[in-house]
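Input: a single structure, listed below in structure tokens.
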Amino acid sequence: MFSKRDPWVKKQLLVVFTAKDLTTLKKRLRENQNLLFDLFNDFVNEQVKKRMFATLEQKDIEKHLLEKYGWMVRVQHDYFIALEKPNFVFLRRTSPKRERWLFVLWEHTNDPARLSKEWVLEKRKEVGEKYYGGDRILDLDLTVKETNFNGRYALQFDGIWENPTKIAGGPWRAYAFYDEPTGNLYLIDLAVFAPDDEKKMPFLRQLDVMAHTFRTKYELEKQDKRK
């Protein structure tokens with residue numbers, strides 16, 4: 001297998017997968033399905049990221065987050081800080097019948113073993129009850145997997161949120177990880193409400209791209225020293 005960028009036009013990814021016969025090809029495709037998915041997924045995210053932050057990036061909000069909390073995410077236009085509480089920041093983008101939410105919650109602990117499915121769902125339940133008007137995560141179709149989040153071991157959650165009182169819901173994703181230099185457990189939570197849009201995943205992808213711009217002050221200072 002080999003890949004090539006921009007073979008005929010810009011913003012294009014070509015992947016060639018070869019094998020001696022069809023049976024072997026199918027076998028290797030199954031064996032490498034995650035690798036292939038990540039290859040295309042990362043390429044699409046890269047293109048989305050370029051479009052998202054091409055203009056009107058809100059660097060004043062990014063600076064505020066870094067100076068006050070010791071971490072930052074890149075903030076696309078139209079997002080605003082909807083709520084700030086101790087160890088909790090809620091970013092929101094709103095328009096008629098379409099909402100996108102990203103919150104970061106953190107807890108200082110020197111015990112990385114606290115990172116667990118139970119910890120994440122407990123914290124998400126608390127946030128839903130306190131700040132989201134009773135939102136909850138459905139057990140239906142909830143998936144949890146180990147992943148790499150910006151070089152850290154992390155748990156990735158995918159599922160559906162709902163609010164039975166408001167009769168609302170949508171796709172949900174979260175990343176939880178322990179950051180050793182700061183001794184913090186972080187939960188980055190993403191949710192979409194777009195009832196009139198048949199395809200909701202593009203909005204979740206944009207939130208996912210934002211989430212992956214997360215950096216701590218320690219990381220940024222370390223990057224500066226390398227320059």
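Read-outs throughout are calculated quantities, based only on the coordinates presented, and are distinct from any laboratory measurement. Quick caveat: nothing in here was measured; it's all calculated off a predicted structure. Ideal geometry is used to build each Cβ from the backbone, glycine not excepted, and the neighbour counts take in all protein chains shown.
Please verify whether segment 141-161 includes one or more residues that are surrounded by 12 or more Cβ atoms within 10 Å (Cβ to Cβ) and more than 23 Å from Trp119 (Cβ to Cβ). Taking every residue of segment 141-161 in turn, none turns out to be surrounded by 12 or more Cβ atoms within 10 Å (Cβ to Cβ) and more than 23 Å from Trp119 (Cβ to Cβ). For beta carbons closer than 8 Å, sequence separation of 6+ or different chains, a first residue in segment 108-131 that is surrounded by 12 or more Cβ atoms within 10 Å (Cβ to Cβ) and a second that is of a type in the set (Val, Ile, Thr), the qualifying pairs are Lys117/Val144; Leu121/Ile137; Arg124/Ile137; Lys125/Ile137; Gly128/Ile137. Scanning segment 1-53 for residues that are touching a residue at least 12 places away in the same chain (Cβ under 8 Å) and of a type in the set (Gly, Ala, Ser) returns a single hit, Ser3. Only residues that are within 15 Å of Asp158 (Cα to Cα) and either part of a loop (DSSP other than H, G, I, E, B) or touching a Pro at 6+ places or on another chain (Cβ under 6 Å) (or both) were counted across segment 100-141, and they come to 5. The condition of being closer than 18 Å to Phe214 by Cβ and within 22 Å of the chain's Cα centre (by Cα) holds for only one of Arg51, Arg100, that being Arg100. Quick check on segment 74-86. Is at least one of its residues surrounded by 14 or more Cβ atoms within 10 Å (Cβ to Cβ) and either of a type in the set (Gly, Ala, Ser) or more than 29 Å from Leu105 (Cα to Cα) (or both)? Yes - at least one qualifying residue is present in segment 74-86.
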